[in-house]
Amino acid sequence: MGRRQVWDQDEVLASAMGLFRRRGYLGASLRDLEEATGMHPGSLYRAFHSKEGLFSAALDAYNERVVESRVRVHLRDAPDPVAGIRSFFTSAFEGAAGPEPDPGCLLTNSAVESFTVPQAAPGVRRGLEAIEHGFADALTRARARRLLPAELDVEESAVRLLALYQGLLVLVRSGTGTAKLHAVTDGALTSIGAAPARRSVTTGQSEEKEQR
């Protein structure tokens with residue numbers, strides 16, 4: 001009779017995601033993974049076969065739990081698709097201040113590191129495609145509602161927004177101030193023909209202009 005599994009896969013993957021976000025694939029040692037997950041080396045290898053296997057599983061889980069959830073909330077299900085695009089950007093940095101440096105987005109960090117980690121490539125592609133398709137969905141809905149120019153090229157604009165968003169996440173990871181991050185966001189919205197946001201002088205929070 002086989003031994004009963006005594007670890008929770010969701011918890012293990014959540015712990016691995018956190019470690020890989022902070023240290024990257026190359027910076028996370030097997031000992032680090034054992035300590036983070038609470039699993040012995042033999043259990044890790046039986047479950048995931050290798051460090052690469054655990055990393056791939058963690059990146060897949062991150063895409064499902066974080067990336068696809070954010071795409072759904074801000075881009076696919078947002079009542080106002082333009083406001084949703086803006087919030088997709090700003091939610092990556094507003095309200096995230098804390099004593100510890102922001103560990104960044106596992107997808108973006110992995111994309112930067114993927115040239116040395118071939119195992120990351122499939123998960124990185126899936127995550128980036130999910131974001132690009134989410135932008136395309138929001139842009140299509142916004143154009144249909146005449147919130148954006150009728151001549152807007154949705155596919156080209158979705159790729160541009162993806163590039164700007166990934167660049168913004170790199171800036172977030174490097175500790176760039178919110179004023180510059182808001183400027184990047186405003187530039188992204190301007191690039192698709194959306195009105196710029198007003199920000200409260202007292203709070204610094206964005207206030208959407210009425211679309212006309």
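The values are calculated or read from the model by the stated rules, or taken from the named source; none is laboratory data. These numbers come from a predicted model, not from an experiment. Heads up, the Cβs are rebuilt from the backbone with ideal geometry, glycines too, and the neighbour counts pull from every protein chain shown. SASA here: full protein model, heavy atoms, side chains in, ligands and nucleic acids out. Shrake-Rupley method; radii C 1.70, N 1.55, O 1.52, S 1.80 Å.
Summary table
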item: Dipole magnitude of the chain about its Cα centre (Cβ charges: Lys, Arg +1; Asp, Glu -1), debye to nearest 20; result: 100 debye
item: Using alpha-carbon coordinates, inclination of helix 154-173 to the longest axis of the chain, degrees; result: 60 degrees
item: Isotropically averaged projected area of the stretch 1-95, using the convex hull of Cα atoms (one quarter of hull area), nm²; result: 8.0 nm²
item: Choice from Val82, Val73, Val124 showing the highest fluctuation, given a GNM over the chain with Cα pairs closer than 10 Å; result: Val73
item: Residue among Leu168, Leu128, Val154 farthest towards the positive dipole end of the stretch 109-196, charges placed on Cβ; result: Leu168
item: Separation of alpha-carbon centers, the stretch 30-66 and the stretch 161-176, rounded to whole Å; result: 26 Å
item: The stretch 68-172 - charge dipole about Cα centre, Lys and Arg +1 at Cβ, Asp and Glu -1, debye rounded to 20; result: 300 debye
item: Extension gain, Arg146 back to Ala47 (0.36 nm per residue minus Cα-Cα distance, nm); result: 30.6 nm
item: Relative contact order (%) - criterion: Cα under 8 Å, at least six apart; region: the chain; result: 20 percent
item: Where the chain is the region considered: accessible area per residue in Å², 1.4 Å probe; result: 55 Å²
item: Relative contact order (%) - the stretch 102-163, alpha-carbon pairs under 8 angstrom, separation at least six; result: 28 percent
item: With every protein chain in place, the stretch 39-189: carbon and sulfur % of accessible area (1.4 Å); result: 56 percent
item: Relative packing of 49-58, 110-119, which averages over residues the other C-beta atoms within 10 Å, highest first; result: 49-58, 110-119
